[in-house]
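Encoded as structure tokens, the structure appears first; notes follow it.
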Amino acid sequence: MRLILITAFVLGICFTKNTYASIAVIVNKSNAVSDISYDKLKKILEARQQYWDNGEKITLIFKPITSNETRTLIDMVYKIKYEEFDKYWFLRVYNNKIMEFPKILNSAGTINILVSKIPGAIAFIGKDEISRIDNINIKVLRINGTMPGEDGYPFK
Amino acid sequence: MTRFLNPIVIVIITLLLITTKCVYAQEISEKEYLRLKNRLKTEFVQKLKEEIKKELIEELKTESPSSQRKSKVEEIKSNYDIKQARINDPRKETEDLMEEEAIKTAEQKEDTELNKARYKLGEGLTFGEQLLVIRGFGNVNARYRDNNIGEGFDSGNNFFSLGEFDLFMTSKLSNRISFLNETVFEFDRGKDTEERTEPIEIDIERLLIHYDVNNLLKIDVGKFFLPIGYWVPTYNHGVWFQTTMDRPDIVNFQDKGGPLPTHDTGIKVAGSALLEGFDLNYACAITNGRGGNTTQRQNFDDINDKKAVSFQIDVQPHILEGVRLGPSVYYDVIPEDEDNPKRENEIREIIYGGHIVYTIKNIELLSEVFEINHDEFSGGVFNTFGGYAQFAYTIDKFKPYYRYDYIDYSNDDPFYRNSEFDFLDTKKHTIGLRYELSHFNALKLEYSHGGFDDKDVNIIGFQTAFSF
């Protein structure tokens, strides 16, 4: 019996996958983009692309590094250790590749307000928080044509 | 603790019941409400009285001084009074909660207003909203070496040394314009080695205004890192950023005996084109160029009118994530050195460079090569070749690394041979271990074995490098 339990435990560990948070990508309603490819989103996240196609400067907004949403992005896009996330951005500021650090905001309420006020803002919130966004000034982006929760959506 | 558990549970349940009843008070009759209130109040007071009595008896039983007992009794009494007050008015608790909630909401509203104010102007900032961000780097080293390679050095073979004290400042002037400064306080031996004055030298390593036009065009005006290779524009003075204790010898600073120019004053344009299959980054700078010798700076003016031009391309292929590669070229005419009779002619300098870098997840692989071509115009042509390859692998907080440095100076190159530094042919192996002690502090322990011209040297070093 004990052997079975140990085996089950070991197999459980071996086959446990990282659980990623379901993320919704939100932008200002005035943004012409409604559907974005994953590749382009990756370029934006890595600050390789710093402007939208209409010339508006992109402002990245993240939840704190302790949040599931940001940790999911670090695992899937940046592929670095969580502790190196700050250093990643610090090196870019130091190299003068970007002008300032991305904004890290705790509350979904403040993220909501900033995205609604900054035309070039892009933020990453939990899928569950979509119901609380200001639908008049903010919209949820489709990624590769899919909305959060749909088949083929990359952050689920 | 356990003896408090039951009363606490009762208190919580009672308060919840009271609160619930208060919230829905309009749905029950006033008479029913008063009856319920009195019953709960009686029960609650009874429980509290019993609890306090028990506690007082226990306190009195102990041998603590009377004053302590008195103060304890007063404390218990005061707690009792507060609870009593709440019992007298069961709505008080709800009111408190509502008040706290109101304060929280007001604070959140204030934050929101602040954020709104910060961004309401869109492209610009007001004086009140403009911020100066100051960060910095520092490091302290300890070294032991078994051989002293410098010719004019009279230092011992083991010593502690202060590294750079580096202040890094940025400020946004608008959403597309920013200021950047890096000022370094360096502790050096001083030119007069006999007096050993060890002056502190203050170097403005970077001072620039940055215009961010779009992805394709970013302009820096001022003093900046030259776009040569990978290490120079990436790590430069931030010792904490770099894996190893020291820079590779080929990209060492000019004022520390390095063969390449690393900083200069002028204008730089850079940008990125995000193409199908790869990102193409470019940087081009026009600067004052080198002075008459290896350490002379030209931040204020230029001895000759011939400007230095540097150009770099950096490609990031999408198919090989983490890979960066590309060439760079630097052209300058070095003026004659009036203080040195062996340097009567101008020298045309062309530096060709190339880098291949792979950094992803735990792997760091850096390699660069340079060829420095000096043409004296009068016929003498001198080529110096050098480079390095570095490999590191991160395992949790540890990062073991290895680097090979190589430089082959051209014999009789008048620019290097008539300098205050010894430009020695170098073949050096370095192994080391970096440990992330905290988020902003790294410890590095390394061993180097090098051949400098015909001398073999072994060096053991320890460094604590930090960012603040």
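The values are calculated or read from the model by the stated rules, or taken from the named source; none is laboratory data. Please read these numbers as outputs of a predicted model, since none were measured by experiment. Cβ sites come from the backbone with ideal geometry, for glycine too, and all protein chains shown count toward neighbours.
Annotations
- Enumeration of residues in segment B:224-255 that are among the charged types (D, E, K, R) and within 20 Å of the chain's Cα centre (by Cα): B:Asp246, B:Arg247
- Qualifying residue in segment A:111-125 (condition: within 15 Å of the chain's Cα centre (by Cα), within 12 Å of chain B (Cβ to nearest Cβ) and not hydrophobic (A, V, I, L, M, F, W, C)): yes
- Count of residues meeting criterion [farther than 17 Å from B:Gly258 by Cβ and either of a type outside the set (Ser, Thr, Tyr) or facing chain A (nearest Cβ under 10 Å) (or both)] in segment B:225-244: 2
- For A:Ile44: the one exception among (1) at pLDDT below 90; (2) part of a helix (DSSP H, G or I): (1)
- Any chance B:Phe385 is farther than 25 Å from B:Pro227 by Cβ and without any contact (Cβ under 8 Å) to a residue 60 or more places away in the chain: no
- Options B:Tyr435, B:Tyr352: the member that is closer than 30 Å to B:Asn458 by Cβ and aromatic (Phe, Trp, Tyr): B:Tyr435
- Only a single item in (1) facing another protein chain (nearest Cβ under 10 Å); (2) assigned to a helix (DSSP H, G or I); (3) in contact (Cβ under 8 Å) with a residue 60 or more places away in the chain is not met by A:Glu83, and it is number (3).
- The residues of segment B:351-381 that are touching a Lys or Arg at 6+ places or on another chain (Cβ under 9 Å), hydrophobic (A, V, I, L, M, F, W, C) and farther than 12 Å from B:Thr243 by Cα, listed by number, are B:Ile356, B:Val357, B:Ile360, B:Phe377.
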